[in-house]
Amino acid sequence: MRNKTKSFKTYYTEVLIMIKKVLLIFVLILVVAGGILLFSPTKAENSQRIFTSKEIENLKEISLDGDFDVNITASDSKDIKCSFSKVQKGFILGAYNFESGIENDVLNVTSSSKIGTVCFGGYEGLSLNIDIPKSYKNKISIRSKLSKIKITNSSSKNIQCDVHDSDIKISLNNICGNITVNSNLGNINLKLPKDEKFNLSAKSHMGKVTNDLDSNVDHSLKEKNINLLSSDGDINISEN
């Protein structure tokens, strides 16, 4: 009986020692990863691509598809200027890269990686600043998973955003056409002219919808249709 008790105590002690070793190894991994992140250098890469007025004279759509932050502005320039930024910290395996070009009258900007990105004690951030001529009226399409989207003073007649976990901010001086935003987890913030009428559909399954421009909604309109849908995010419509 004593031998059985002693054997159980020995086994219990060995299990405790093993658990302590596993916890110690786990803590050491966290310390090493933290040290890598703290002391590893930050790498930044910046580049720009300009699509001239001649290249975009027949442009029908601007399509942005990838996991990067997007900031869209409009100016009096006749060209489209795409500024790319990539920031890396820690050890990155299989970094993403930007690809851009015009095909079938569509300007495509994407982020791609042949083997995917794995970060050891670090992170990688991609961002795109794109300046569009005010004269551009055609479609802007954005697809993203984890990035932030910001659109300011676009004159496009069709803005479409399909995102998974992204906050979206759209600020317009004029409503030039239709706006469609589908978001899974992110918030939608839309700023519109205070005196302009629009046809609105705004729904959030688990978030809150706030419309400070409720008196501007006119469901009889067949243009200026604004459709906002979020699964788990707040929707806010206010004066620009």
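Values quoted throughout were computed directly from the atomic coordinates according to the rules given, and no laboratory measurement underlies them. Every value quoted in this text rests on a predicted model; they were computed, and no experiment measured them. Cβ: placed from backbone, ideal geometry, glycine included. Neighbour counts: every protein chain shown.
Derived value for the range 122-240: Kirkwood hydrodynamic radius 14.6 Å. Basis is the mean of 1/r over every pair of different alpha-carbon atoms.
The relative contact order of the range 112-240, computed from alpha carbon pairs under 8 Å that lie at least 6 residues apart in sequence, is 21 percent.
Just check the range 167-214 against the gyration tensor rule for me: Cα atoms, a ≥ b ≥ c as the square roots of the eigenvalues, rounded for a/c under 1.5, and otherwise prolate or oblate depending on whether a/b exceeds b/c. Can you show the working numbers first?
Numbers: a/c = 1.94, a/b = 1.62, b/c = 1.19.
Verdict is prolate for the range 167-214.
Rounded, prolate or oblate, given the Cα gyration tensor of the range 200-240, with a/c below 1.5 counting as rounded? It is oblate, given that a/c is not under 1.5 and a/b is not larger than b/c. Each label point was placed 7 Å from the Cα along the Cα-to-Cβ direction; for ASN173 and SER77 their separation is 1.7 nm. Can you pick out the pairs among LYS60/LYS203; LYS60/LYS86; LYS43/LYS134; LYS54/LYS137 whose Cα atoms lie more than 23 Å from each other? Over 23 Å apart, Cα to Cα: LYS60/LYS203; LYS60/LYS86; LYS43/LYS134.
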